[in-house]
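Undergrad: First the structure, then my questions, so here it is.
The values are calculated or read from the model by the stated rules, or taken from the named source; none is laboratory data. Please read all numbers here as calculations on a predicted model, not as lab measurements. For neighbour counting, all protein chains shown are included, and Cβ atoms are generated from backbone atoms with ideal geometry for every residue, glycine included.
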Amino acid sequence: MSPKVEYKLASSQPQLFTEDHCGRSFPPTQAWPGRLSSNASRWFTAWSRAGATPYNLLSDVDDMDTHNQEPAHGWSKPAFRIRRRVRFRRCVWMTIVALPTLVILVIILIATLHPSYSHPPHHYHVLRGRALGSTQPGRANPRHEKIFIASSIYDKQGRLAAGAWGKGVLALVDLLGPDNVFLSVFEDDPDTLATAALQHFTKQIKCMEIPGVHMGNSSVLAEHIDRGILPHVKLPNGEKRLKRIEFLAHVRNRALAPLDDPTSSAYSTHFDKLLYINDVVFDPIDAANLLFSTNVDKSGKTQYHAACAADFINPFKYYDTFATRDHEGNRIGVPVYPWFSSRGRAESRKDVFDQKDAVRVRSCWGGMVAFNARWFQPDGLHVDLGVADLVVDHNATTPSSAVLIPIGAGSLGLTPPATSLPERDISLNRHLASNVTLPIRFRASTDTFWDASECCLIHADIGAASNYTGLTATGIYLNPYIRVAYSSRTLAFLHITRRFERVYTPFHKLIGWSLNLPTRNPRRMQEAGKSYEDMVWESNDPESMHAGDVSAGYKNKTRVALPGGFCGSRKLSVLGEGPEMRKWYNEVIETPTVER
């Protein structure tokens, strides 16, 4: 039989229920004859006659819960602990299971119903179908346009020439038509394996010989470049170092050398387009679409000065931020979709949101670029660059210290050093002139503590040559439908990750806002040929510094702007010396106070 429990109202007398069996004191509560106040509590003590176990029962005046027993030795109810565990487990489940599931569901819906850059214009599919539906050489070049393909590579152990890059280039030549293509590949200081790979690659080139010309339509050249003959800059400690961009510009121009070589078939050929390819993995049909499908008019002809692919270092991250500038000359913000910031008119960003195949930019590279070839050919093109221009030194010759290594029978007149052929241009001299005869070539900035990518400056020179005013389209476009990568694995994943990249948009804006990206460039708005005040580093000769003249530093100078102020930033990258000549370093520099 259950023990009988008696309930008593606790009195206000201090001798009753002042301590529980654990020795804890409880404030006595005055028993009221009538209704207690809303803030009062009533304490009941229940005594079991059988076990004499005390219980404290807490009840407000309106509660009827005196049957809920709370052991007098503690306030943590077992039921409350259970509810707390349930809530905790629910939060954990929401965090670990429900939220990721929701995110994955959103990604799947976007990738399925609203994918990004996955449905190119119809004429892209037409060209792809033509390329896949036949094996006839030139099937992807319906207008039989003449294409100059250039590439400057560093092929450690021959992995490029013998791998996916080499196969892609050979397949592209077949798609464009061997008799429509001139292929020029240049490599600086290849090792033994790289030389063997180049020789094997050369034997597979299908570019045909032109009747009456003793050379074929290809040039595969390996060369040791004497870095001592290239322009150096002087550091504050008096040392002279080779700027990395100066070297890269020289190397890229070496791949264009057949255009300036009178013994080459390229010299006398009128090319419609020039395609420059980096050490990237690419789909040859995509390369053809970049050439012939970007920004076409109603007649199906392309309308651009330059059209760039988009290169990715991994399935999510855009790589070539150093050379890419939006339509107003701003740097890339966060290197994920939509790549461009919302600063200014944000025209490039809007073009990306509109899924255009011709996103308006001031410059780009993206691992593979198609140019209108007229900017690179010495065929009497006459353009006005304003006051400060770049001119070609047609009297420049190959330095006698250079060692030329002909690779295969297709090399264009490149022989050992004793009889090395003259070049019409591998370097650009700078002087003040109102009119120049081009072709345009790659170059570097001459300022000591100011670096700009040679791949951006080439677009700046094209923009200046085409009288770009900043108010109309530059004719330079980024084509996000055409994507390349630096590994076959990444290229394969790009077909998947592009579909849901719209998801990145809010994060792109949030991160860009929080980090204040893109960074400020004090020369972004400079126009070629106009005078501006620049902070320029000037250093004295070591002799004058030892004599007590230590006035080297940044000075405010008024000078005429060259094209490409928007390309640069306050930095200096230099190549290593001796055994470390393949490495490059960013020098620690002082930033002018006005630019901090």
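Undergrad: Which pairs turn up if I take residues in the stretch 279-301 that are more than 27 Å from residue 158 (Cα to Cα) and look for partners that are among the hydroxyl-bearing types (Ser, Thr, Tyr) and buried (at least 24 other Cβ atoms within 10 Å of the Cβ) with beta carbon separation below 7 Å, at least 6 apart in sequence or on another chain?
TA: Close Cβ pairs satisfying both conditions: 294/477; 295/477.
Undergrad: Among the residues of the stretch 354-367, is there at least one that is without any contact (Cβ under 8 Å) to a residue 60 or more places away in the chain and under 25 Å from residue 119 (Cβ atoms)?
TA: Within the stretch 354-367 (the criterion being without any contact (Cβ under 8 Å) to a residue 60 or more places away in the chain and under 25 Å from residue 119 (Cβ atoms)), the answer is yes, since at least one residue qualifies.
Undergrad: Kindly provide the set of residues from the stretch 106-130 that are aromatic (Phe, Trp, Tyr) and in a loop (DSSP other than H, G, I, E, B), ordered by number.
TA: Scanning the stretch 106-130 gives a single hit, 117.
Undergrad: Out of 108, 96, which single residue is farther than 20 Å from residue 480 by Cβ, surrounded by fewer than 11 Cβ atoms within 10 Å (Cβ to Cβ) and β-branched (Val, Ile, Thr)?
TA: Among 108, 96, only 96 is farther than 20 Å from residue 480 by Cβ, surrounded by fewer than 11 Cβ atoms within 10 Å (Cβ to Cβ) and β-branched (Val, Ile, Thr).
Undergrad: Looking at the structure I just gave you, is residue 256 under 30 Å from the mean Cα position of the chain (by Cα), surrounded by fewer than 23 Cβ atoms within 10 Å (Cβ to Cβ) and not charged (D, E, K, R)?
TA: In short, no.
Undergrad: Any idea which of 524, 498 is part of a helix (DSSP H, G or I) and at pLDDT 95 or above?
TA: 498
Undergrad: Now, a different point. As an exercise: evaluate residue 328 against (1) in a loop (DSSP other than H, G, I, E, B); (2) touching a Lys or Arg at 6+ places or on another chain (Cβ under 6 Å) and give the number of the one condition it does not meet.
TA: Among (1) in a loop (DSSP other than H, G, I, E, B); (2) touching a Lys or Arg at 6+ places or on another chain (Cβ under 6 Å), residue 328 violates only (2).
Undergrad: Residue by residue through the stretch 322-352, note down the ones that are over 22 Å from residue 492 (Cα atoms) and either under 9 Å from the mean Cα position of the chain (by Cα) or not assigned by TED's automatic domain parsing to the domain that holds residue 496 (or both).
TA: 322, 323, 324, 332, 334
Undergrad: Applying the selection to the stretch 119-165, what residues are among the small types (Gly, Ala, Ser), touching a helix residue (DSSP H, G or I) at 6+ places or on another chain (Cβ under 9 Å) and surrounded by fewer than 21 Cβ atoms within 10 Å (Cβ to Cβ)?
TA: Across the stretch 119-165, the qualifying residues are 131, 138, 162, 163, 164.
Undergrad: Would you list the strands (runs of 3 or more DSSP E) that sit entirely within the stretch 131-245 and hold 3 or more residues that are free of Cβ contacts under 8 Å to residues at least 40 places away in the same chain?
TA: 181-188
Undergrad: Just need a number here: residues in the stretch 455-495 that are at pLDDT 95 or above and either of a type in the set (Val, Ile, Thr) or not assigned by TED's automatic domain parsing to the domain that holds residue 316 (or both).
TA: Final tally of qualifying residues: 5.
Undergrad: Within the stretch 569-591, count every residue that is modelled with pLDDT of 90 or more, farther than 19 Å from residue 228 by Cβ and hydroxyl-bearing (Ser, Thr, Tyr).
TA: Residues flagged as modelled with pLDDT of 90 or more, farther than 19 Å from residue 228 by Cβ and hydroxyl-bearing (Ser, Thr, Tyr) within the stretch 569-591 amount to 1.
For every residue, the table says whether it meets (1) in contact with a strand residue (DSSP E or B) (Cβ under 9 Å, 6 or more places away or on another chain); (2) part of a loop (DSSP other than H, G, I, E, B).
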| site | (1), (2) |
| --- | --- |
| 275 | yes, no |
| 285 | no, no |
| 288 | no, no |
| 298 | no, yes |
| 308 | yes, no |
| 311 | yes, no |
| 314 | yes, yes |
| 320 | yes, yes |
| 323 | yes, yes |
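Undergrad: Quick check on this structure: which one of 186, 182, 247 is of a type outside the set (A, V, I, L, M), more than 28 Å from residue 447 (Cα to Cα) and buried (at least 20 other Cβ atoms within 10 Å of the Cβ)?
TA: Unique residue meeting the criteria: 182.
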